[in-house]
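Right, one structure below, let's go through it.
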Amino acid sequence: MDMKDIEFSEIEISEIVENDDTEELVPKRGAMSLVWRYFGFKKADIDQTTILCKICLAKVAAGGGNTSNLLHHLSRKHVSEYEECMKLRSAAAPSTSSSSSAAAAAGAAGSPKTPQDAFSRAAPYDRKSKRWIDITNAIACHLAKDMVPLNAVEKEGFKQIIKTLDPRYEVPSRKYFSHVAMPNLYHKHRAKLETELATVRNFAVTTDMWFSRTMEPYFSMTVHFISDEWVLRSHCLQTSYFPEDHTGELLAAGLQEALDSWGLSEKKLVAITTDNGANIKKAVELNNWTGLQCFGHRLHLAIESGVKDDRVQRAIDVCKKIVSAFSYSSKKRRDLAIVQNYLGLPNHGLTTETPTRWVSRQMMIQRVLEQERAISHVLKDDKKSRQLVPTWQDVEVLEAVNKVLSPLQDFTDALSGEQYVSVSYLKPVLSLFNTSIFAEEESDTQLTKDLKRNILGDLIEHYSDPVTRDLLEIASLLDPRFRNKYIDEEKVDRVLSRAVEEIVSLIKTQQDTLPGAAGAKAEAEPDSPPKAKRKKTLASFFKSQSGTMSEEESIRKELTVYLQTTEVDSDVDPLDWWRCHQTNFPRIAKLARQYLCIAATSAPSERAFSTDDNILPCHRTALKPDAVDRLVFLAQNL
């Protein structure tokens, strides 16, 4: 051995002298590397912090368990041991690698015991297995509820998500979802809804017509009823393709066919809420159904009739031109934002009018009035647009229109709900219009007074129909928040008499079905022992004489007590109130369940059209009518 191999630095010599001890070194606890065969620790070093070379007893630093310094020490000071260590490491590397890979594979596969287990864990799910069926049904629900095109299942991104979540699941084709999964899901939920509707005592419906992007005509029907738990439920029944002429006769037949397809009896239909179209009104009359005009449509027509004034039309036309000018010019919109910041106005864009929605017109007018100073400033800087600057006369007219229409938006929104009672609001709302909203004030301009008078007159005229008036009065009477508060005093007795007649008829109709049920029960229990007769006492004769009361008298007494009960707060849900008090007023509760399910507007059916627009975008216009019906039904009812 060369003398260079045994040369030590002064530090290493001093370390050897200090560690010149004959005690045996202990190995490192949990050591995995072979290099630790040449290093150890003193027994007194319990924490094993000072590493010593077993050959030269020199201290070697190796922080964090890193063995690089240990190998470097061997290569510099003990060449033969270093070569021996490297040979041992290279010999152990293949077996170690293979064993590690096997262990990792076993861990990933859930530690299979046999090769057959490993193969089964990597194989795709059987299409009849519960796991495959559950995942497929979940994907079908996602496609239907979120209105996702069916070809999404063939997209690479979707497949990658599913593969990451569960590698064993293979996504079926779009054709499978179209022909198998979606129809099965539809039939399952339709059967469930049919079972629920079979037990319904009374129901109301809403309906409306709609045209797809390809101008294919559809009509939608939504059913409304109150469950035994006094919960108002709404379900979109169907969206039917209607290519025939939209005559009253054909619409009447189509509506009847829709009810028949769901097993709904016309005798249980309380009312149908529709728009103001002449054809649909005629269809309701031909079917001899009670019809209610949609409050939203009726108010829109009243406003259209009320604003037929040359000054108003000119001011509205100016608004439309202003909105159009800013809609088609990014420069004007940019300048408008700059001027808004300078004048301290809200950073709002202008609103476009939708011809069939009066609310959009009012919002357009309101936004133009809000931004009038900024609009005028921007238009004046453009020679081509200066003529669009609204004059003070235009602004005055727009302010008059806005003052009349702005309070009406909240009423329309509130009456368009389908998860709470709305029909009982109509009578109070019309009364409020007459006494407050459209009441003429001293500060009103002549134009404002004319607008109020015209709109209110049109509403009162169209809601003065005897059938509609009776329906609204009964509905208001059955709402514990209103009762007879909004019924004219001279008409209260007539309304109560009509309520008594309807309750008597309703009880009689329900009793007509009891004999059959009672007879069936008697046949089922033929051997039941007869009850023993109790001997009448003398007092029972007087009790029967004094307690005898006809059915009508009992109902009228119940109505009298109902009208005299404690006043209910306006925020109370009438259905919650009836749930708690139906035992106190059992006869009136039957009539309340019948009438309070009616919808004040046809908005529920119109919401189905919004669903249709999402299901039938530009790239899905080739969907068949049956597929459209299924997809709309699932999106609305899942």
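Observations, loosely collected:
- Filter result (in contact (Cβ under 8 Å) with a residue 60 or more places away in the chain and open to solvent by 10 Å² or more (accessible area, probe 1.4 Å)) within segment 237-261: Gln238, Ser240, Tyr241
- Qualifying residues in segment 410-453 (those that are among the polar types (S, T, N, Q) and part of a helix (DSSP H, G or I)) - the one nearest to the chain's Cα centre (by Cα): Thr412
- Criterion applied to Ser550, Ser546, Ser528, Ser540 was being more than 46 Å from the chain's Cα centre (by Cα), modelled with pLDDT under 85, of a type in the set (Ser, Thr, Tyr) and open to solvent by 90 Å² or more (accessible area, probe 1.4 Å), and the one residue passing it is Ser546.
- Only residues that are open to solvent by less than 60 Å² (accessible area, probe 1.4 Å) and of a type outside the set (Ser, Thr, Tyr) were counted across segment 485-505, and they come to 10.
- Enumeration of residues in segment 298-354 that are among the aliphatic types (A, V, I, L, M), within 17 Å of Leu369 (Cα to Cα), open to solvent by less than 40 Å² (accessible area, probe 1.4 Å) and not in a loop (DSSP other than H, G, I, E, B): Val312, Ala315, Ile316, Val318, Ile322, Val323, Ala325, Leu336, Ala337, Val339
- Qualifying position, being touching a Pro at 6+ places or on another chain (Cβ under 7 Å) and surrounded by 20 or more Cβ atoms within 10 Å (Cβ to Cβ), among Val421, Val397: Val421
- When residues in segment 175-205 are screened for being part of a helix (DSSP H, G or I), in contact with a strand residue (DSSP E or B) (Cβ under 9 Å, 6 or more places away or on another chain) and open to solvent by less than 30 Å² (accessible area, probe 1.4 Å), 2 of them pass.
- Exactly one residue out of Ser436, Ser443, Ser464, Ser385 is farther than 30 Å from Ala204 by Cβ and either surrounded by fewer than 16 Cβ atoms within 10 Å (Cβ to Cβ) or touching a Phe, Trp or Tyr at 6+ places or on another chain (Cβ under 6 Å) (or both): that is Ser443.
The values are calculated or read from the model by the stated rules, or taken from the named source; none is laboratory data. Since the structure is predicted, the reported quantities are computational estimates derived from the model, not experimental observations. For neighbour counting, all protein chains shown are included, and Cβ atoms are generated from backbone atoms with ideal geometry for every residue, glycine included. Ligands, DNA and RNA are excluded from the accessible area calculation, which covers all protein heavy atoms including side chains. Shrake-Rupley method; radii C 1.70, N 1.55, O 1.52, S 1.80 Å.
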